[in-house]
Amino acid sequence: MNRTNDIRSFTYDELLKVAAEAGARDYTAGQIFGWLHRKKTGCLSQMTNVSKDVRSFLEKNYPIFSVTRREVLVSSIDGTRKYIHSLCDGNVIETVLLRYDYGNTVCISSQAGCRMGCAFCASTIDGLARNLTAGEMAAQVYSVEEDINERVSHVVVMGSGEPLDNYENFTRFVDIITDKRGAGLGGRNITASTCGLADKIRELADRKYALTLALSLHAVTDEKRKQIMPVANKYPLKEVIDACRYYFDTTGRRITLEYSLIAGFNDTDEDVRGLADIASYLSAHVNLIPVNPIKERSFAPTGPKDAVLLKNKLEKNNINVTIRREMGRDISGACGQLRRSFQSKYVGERNA
Ligand code: SAH
């Protein structure tokens, strides 16, 4: 199976070449792009205004990689929906719909599994299965829209995986989903979160997307960060912060610093001072997230009262701070846990 020929991962310009290969005219490329990303179908047979010859050419050479809804867990508290999607090779991934006042937000996975090894995260426990194609990232959004029969206005790339470790497919996803001839999602409505691959942060900055970049900081010294995030061995904090500063200076987009509060580990006064310094230097917004305990590891979250005290201390330093509201408490489970519990169920199944 060649993942580079997933037609949902093709940009408009690339589809022009595919149309030419199929012996069709340019407008056929527009029709196909429209079917895939505006009408959001995952089925060639629905493309009724594309000739049968072109469709069978596509079927042979450029299949649509399926993303199939398998399980949906719905929160009765706030309408959060957690999805298990299966891919054409039987891998499974998680996708989450969060309903906010400003619109429907979908949290997508960028990889099946992850190889970053963060100590508190369930997504990385079994390592990386594979990168997702750009089309498989977009299809998660479309599947949710189909399920709820409503539009999705915001996308956060904060599910399983490290988007900048799948840089080519991730940037292709941004190019495709923001294309006005297709889904036309606003670049400002996309947030991507990274554990801090400094060189890729700089590359991304140079693309000058309007998206928001979130850095998973979680500790303010290299010594501490290395204890929970192996990526810190490769990219020292100074390099990561400099890259974030470059991102802000180049794009004008404010960085968000994600900080998972782990009781007694990263919530001392010294940590707060360090966090305030980094946030001031970057003019960044800070998002505090009491760590979501996973059964495989023993991390306890900072209590709600202490989290508020910490927020107040940061605010005294003129830092813009929020404590992340927990969504879907009744269907909770940390990032990647749901996937792990369903992984074995669909393995070996092929539906492409
Ligand atoms: N790889 C990217 C994006 C995926 S994880 C990154 O590292 O940013 C999305 C966010 O959830 C990251 O900030 C990650 O550190 C955080 N996270 C993962 N597991 C968590 C847990 N158990 N509790 C709280 N936050 C967690």
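The values are calculated or read from the model by the stated rules, or taken from the named source; none is laboratory data. What you see is a predicted model, and the numbers here were worked out from it, not measured in a lab. Virtual Cβ from ideal backbone geometry, glycine too; neighbours counted across all protein chains shown. Ligands, DNA and RNA are excluded from the accessible area calculation, which covers all protein heavy atoms including side chains. Shrake-Rupley method; radii C 1.70, N 1.55, O 1.52, S 1.80 Å.
State all residues of segment 128-147 that are open to solvent by 20 Å² or more (accessible area, probe 1.4 Å) and either farther than 20 Å from F33 by Cα or without any contact (Cβ under 8 Å) to a residue 24 or more places away in the chain (or both); if no residue qualifies, say none.
Once the filter is applied, which keeps residues that are open to solvent by 20 Å² or more (accessible area, probe 1.4 Å) and either farther than 20 Å from F33 by Cα or without any contact (Cβ under 8 Å) to a residue 24 or more places away in the chain (or both), segment 128-147 yields L128, A129, N131, D147.
Restricting to segment 283-299, name every residue that is surrounded by fewer than 20 Cβ atoms within 10 Å (Cβ to Cβ) and away from the ligand (no atom under 11 Å from the Cβ).
Those that are surrounded by fewer than 20 Cβ atoms within 10 Å (Cβ to Cβ) and away from the ligand (no atom under 11 Å from the Cβ): S283, H285, S298.
Can you name the condition, by its number, that I201 falls short on among (1) within 15 Å of the ligand (Cβ to nearest atom); (2) out of contact with any strand residue (DSSP E or B) (no Cβ under 7 Å at 6 or more places or on another chain); (3) open to solvent by less than 20 Å² (accessible area, probe 1.4 Å); (4) assigned to a helix (DSSP H, G or I)?
(2)
Would a scan of segment 165-180 turn up a residue that is outside any loop (DSSP other than H, G, I, E, B), β-branched (V, I, T), farther than 29 Å from A29 by Cα and within 15 Å of the chain's Cα centre (by Cα)?
No, segment 165-180 contains no residue that is outside any loop (DSSP other than H, G, I, E, B), β-branched (V, I, T), farther than 29 Å from A29 by Cα and within 15 Å of the chain's Cα centre (by Cα).
Listed residues E150, E162; which is under 21 Å from I84 (Cβ atoms), within 13 Å of the ligand (Cβ to nearest atom) and in the same structural domain as C114 (by TED's automatic domain parsing)?
Only one candidate qualifies: E162.
For segment 81-102, give me each residue that is over 15 Å from E146 (Cβ atoms), open to solvent by less than 20 Å² (accessible area, probe 1.4 Å) and more than 16 Å from the ligand (Cβ to nearest atom).
I84, S86, L87, C88, G90, V92
Mind checking which strands (runs of 3 or more DSSP E) fall wholly inside segment 243-333 and carry at least 2 residues that are closer than 21 Å to C118 by Cβ?
Working: elements: 256-261, 285-290, 320-323.
Fully inside segment 243-333 and qualifying: 256-261, 285-290.
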